[in-house]
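Trainee: Below is one structure. I have some questions about it.
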């Protein structure tokens, strides 16, 4: 084989290998960026979802102290938030959200309480039902942030 052919084939092979390497590196970079953006978006979506649940549950929990009749319509938004969590969140977060909802319903079913009653409950060491939920969400979000 003539040395000119060898040189030409070597140049073509080098160009092809260089082009494929550049293509592969570019694809890997784009893939990594896309994955990081998806994780960040998922993280932010869960933060907003947990925030909405905490706000709605807090509002209903306070309402439950003053009223002994709950309208099912009042609970629809809370159940919608829990079902959205079922798509994005861990089973631990969903279990805590279900427990919060049960506490709210039980509070609606109990007699009305005055502000003084609530203060007495807190001084006796009663904990807010959202504490476990918040702690579980914080753990899940910190794990997902480290994984990303």
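Trainee: Is there a residue being under 28 Å from the mean Cα position of the chain (by Cα), over 30 Å from residue 143 (Cα atoms) and either part of a helix (DSSP H, G or I) or modelled with pLDDT of 90 or more (or both) anywhere in the range 86-105?
Mentor: Checked against the condition, which is being under 28 Å from the mean Cα position of the chain (by Cα), over 30 Å from residue 143 (Cα atoms) and either part of a helix (DSSP H, G or I) or modelled with pLDDT of 90 or more (or both), the range 86-105 yields at least one hit.
Trainee: Hey, residue 118 hits all of (1) at pLDDT below 80; (2) closer than 28 Å to residue 42 by Cβ; (3) part of a helix (DSSP H, G or I) but one; which does it fall short on?
Mentor: In the conditions (1) at pLDDT below 80; (2) closer than 28 Å to residue 42 by Cβ; (3) part of a helix (DSSP H, G or I), residue 118 misses (2) alone.
Trainee: While we're on this one: Restricting attention to the range 19-29, does a residue exist that is surrounded by fewer than 11 Cβ atoms within 10 Å (Cβ to Cβ) and in contact (Cβ under 8 Å) with a residue 12 or more places away in the chain?
Mentor: The answer is no; no qualifying residue exists.
Trainee: Turning to a different aspect of this structure: Would you confirm whether any residue within the range 123-130 is outside any loop (DSSP other than H, G, I, E, B) and surrounded by 15 or more Cβ atoms within 10 Å (Cβ to Cβ)?
Mentor: Yes; the residues of the range 123-130 include at least one that is outside any loop (DSSP other than H, G, I, E, B) and surrounded by 15 or more Cβ atoms within 10 Å (Cβ to Cβ).
The values are calculated or read from the model by the stated rules, or taken from the named source; none is laboratory data. Everything quoted here is computed from the prediction, not taken from an experiment. So basically every Cβ, Gly included, is an ideal-geometry build from the backbone, and we count neighbours across all protein chains shown.
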